[in-house]
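The values are calculated or read from the model by the stated rules, or taken from the named source; none is laboratory data. Not measured: the values here are computed from a predicted model. As a convention, Cβ positions derive from the backbone with ideal geometry for all residues, glycine included, and neighbour counts pool all protein chains shown. Side chains are part of the model used for accessible areas, which takes the heavy atoms of the whole protein and leaves out ligands, DNA and RNA. Shrake-Rupley method; radii C 1.70, N 1.55, O 1.52, S 1.80 Å.
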Amino acid sequence: MRPIILIGYMGAGKTTVGRLLAEQLSYSFLDTDGMIEAQERRSIRTIFEMDGEERFRDMETALLEKLLEENLEDVVLSVGGGLPVRDKNRELLKKLGTVVYLSAQKETIVERVAGSEDRPLLQGQHMSEKVEQMLEIRDPLYRQAAFAVVKTDGRAVQQIAQEIEQSVVMGHEIAKNG
């Protein structure tokens, strides 16, 4: 089956849900940020500091193009929160697999990422305002790319993974056999 791609804002649960979903489906789990860190042999934060956000976004696009060439199957892919912002990346994501937007409210995100130093775009004062501003921009773009939207606020990881499995995996089986 085509990859299931989890998109959403940082702290929405992409990695945590993705790992559990992959385990439940006996799929492989991949994370674009982790893949870029391994390829570059440095952290996302360091890439942002040394090369800037635009260069990092170029790395994300190149990675998507490479993954598309590999014709991945039986994979759950978690992507960085800013990856779907580029038009080209949203197109590549749709070609690569079934895109699921993990949606979370501003308050949930702030609670989950508070104190994290691995989030270069949220460093400094007024985290709540930054999250709100970025969500305003990104939410419509995430929705544009998504096959399904799954809310993660106040829900257990198992519930979220089960909803994705039912709506995406079972939905494809019904479409294929129906």
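Here are some notes:
- Scan of region 2-38 for residues that are closer than 23 Å to Ala156 by Cα, assigned to a helix (DSSP H, G or I), open to solvent by 20 Å² or more (accessible area, probe 1.4 Å) and of a type in the set (A, V, I, L, M), ordered by number: Leu20, Leu25
- Residue list for region 100-138, filter: open to solvent by 40 Å² or more (accessible area, probe 1.4 Å), modelled with pLDDT of 90 or more and within 28 Å of Pro3 (Cβ to Cβ): Gln105, Ile137
- In region 55-69, the residue that is farthest from Lys94 (Cα to Cα) out of those that are surrounded by fewer than 13 Cβ atoms within 10 Å (Cβ to Cβ) and basic (Lys, Arg) is Arg55.
- Residues (free of Cβ contacts under 8 Å to residues at least 40 places away in the same chain, open to solvent by 70 Å² or more (accessible area, probe 1.4 Å), assigned to a helix (DSSP H, G or I) and more than 15 Å from Val85 (Cβ to Cβ)) located in region 39-54: Gln39, Met50
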